[in-house]
Amino acid sequence: MSVLTDNFSLYGKGLWGTVQLTLLAGALALAVGVLIAGFRVSPVKALRVFGTVWVTVLRNTPLTLLFFAVLLGLPRFGVVLPFMVFAVLALGAYTSAFICEAVRAGINTVPLGQGEAARSLGMTFGQTLSLVVLPQAARSVIPPIGSTLIALAKNSAIAGSFSVTELLGTYKPLNELGYGIVWTFVWIAVGYLIVTLSLAGIFGLLERRFGVAR
């Protein structure tokens, strides 16, 4: 217990870093994921191709490799940002591919007649998607999006290897101070449980409130 009580501020700082990464990267992933999902069902071939390439490349690229590409590659092109921002970009882009596929699956559950009816009223593709299709699709994608964001919270541990303050990275200074590695990681695991169970609880409430009845 002393490893926690003696280093509560360090654990707190790491936990807050993980929460920040999860919230910021999650918001980015949701925004980009929904946009790319729209591309994938777009009547414009170029957008469909772009969406397919985006999802295929990111889903099949190891997250660690993507971190290297963002944190080491972008500065070579003159893009110099705080490591935290780079980590959010890497996590958000990677997770957006999975969000996209969840949203696209939800879109496919909406009857085709809904879109046809909207177009018969003179709505554009963008209006049909945003006003008719996505509101209905959202009800069925709450559970998969919740699972994806929980995975994002755990994936944020990779950021600690790139000088970003987050929960897993706390083991380094604690190890240098001579604390037992087992209890160090026990409390790190507890921190991740707090984050992931909180997300699970939030999405559980959303599913009960807005989800499709089974």
Cross-chain or 6+ apart pairs with Cβ under 9 Å, region 31-54 first and charged (D, E, K, R), then in a loop (DSSP other than H, G, I, E, B) and at pLDDT below 95: Arg48/Val41; Arg48/Ser42
Looking only at region 110-123, decide whether some residue is without any contact (Cβ under 8 Å) to a residue 60 or more places away in the chain, exposed (fewer than 14 other Cβ atoms within 10 Å of the Cβ) and under 22 Å from Ile145 (Cα atoms). yes
Determine whether region 46-54 contains at least one residue that is among the polar types (S, T, N, Q), farther than 21 Å from Leu193 by Cβ and open to solvent by 10 Å² or more (accessible area, probe 1.4 Å). yes
List, please: which pairs have Cβ atoms under 7 Å, are six or more places apart or on different chains, and start with a residue in region 154-168 that is of a type in the set (Phe, Trp, Tyr) and end with one that is in a loop (DSSP other than H, G, I, E, B)? none
If we keep only residues of region 129-170 that are open to solvent by 40 Å² or more (accessible area, probe 1.4 Å) and not in a helix (DSSP H, G or I), then the residue farthest from Leu81 (Cα to Cα) is Thr165
Just one listed residue, out of Ser140, Ser163, Ser147, is of a type in the set (Gly, Ala, Ser) and at positive phi, and it is Ser163
Would you mind telling me which numbered condition in (1) open to solvent by 30 Å² or more (accessible area, probe 1.4 Å); (2) modelled with pLDDT of 85 or more; (3) over 28 Å from Asn108 (Cβ atoms); (4) within 20 Å of the chain's Cα centre (by Cα) Val190 fails? (4)
Which count do you get for residues in region 114-128 that are in a helix (DSSP H, G or I) and within 16 Å of Ser42 (Cα to Cα)? 9
Working carefully through the options Lys172, Lys154, find the one that is under 15 Å from the mean Cα position of the chain (by Cα), charged (D, E, K, R) and within 29 Å of Thr18 (Cβ to Cβ). Lys154
Being modelled with pLDDT of 85 or more, in a loop (DSSP other than H, G, I, E, B) and open to solvent by 50 Å² or more (accessible area, probe 1.4 Å) narrows Leu89, Leu81 down to just Leu81
In region 106-113, is there at least one residue being part of a helix (DSSP H, G or I) and within 19 Å of the chain's Cα centre (by Cα)? yes
Selected residue [modelled with pLDDT of 95 or more, open to solvent by 70 Å² or more (accessible area, probe 1.4 Å) and either outside any helix (DSSP H, G or I) or closer than 21 Å to Ile158 by Cβ (or both)] from Leu30, Leu24, Leu72, Leu65: Leu24
Residue check, Gly126 against (1) at pLDDT below 90; (2) farther than 29 Å from Val164 by Cβ; (3) surrounded by 14 or more Cβ atoms within 10 Å (Cβ to Cβ), all met but one. Which one? (3)
Kindly indicate whether any position in region 1-12 is buried (at least 18 other Cβ atoms within 10 Å of the Cβ) and either modelled with pLDDT of 95 or more or not in a helix (DSSP H, G or I) (or both). yes
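The values are calculated or read from the model by the stated rules, or taken from the named source; none is laboratory data. Just so it is clear, the structure is predicted and the values come from calculations on it, not from any experiment. Virtual Cβ from ideal backbone geometry, glycine too; neighbours counted across all protein chains shown. Ligands, DNA and RNA are stripped out before the accessible areas are found, and what is left, the full protein with its side chains, is counted by its heavy atoms. Shrake-Rupley method; radii C 1.70, N 1.55, O 1.52, S 1.80 Å.
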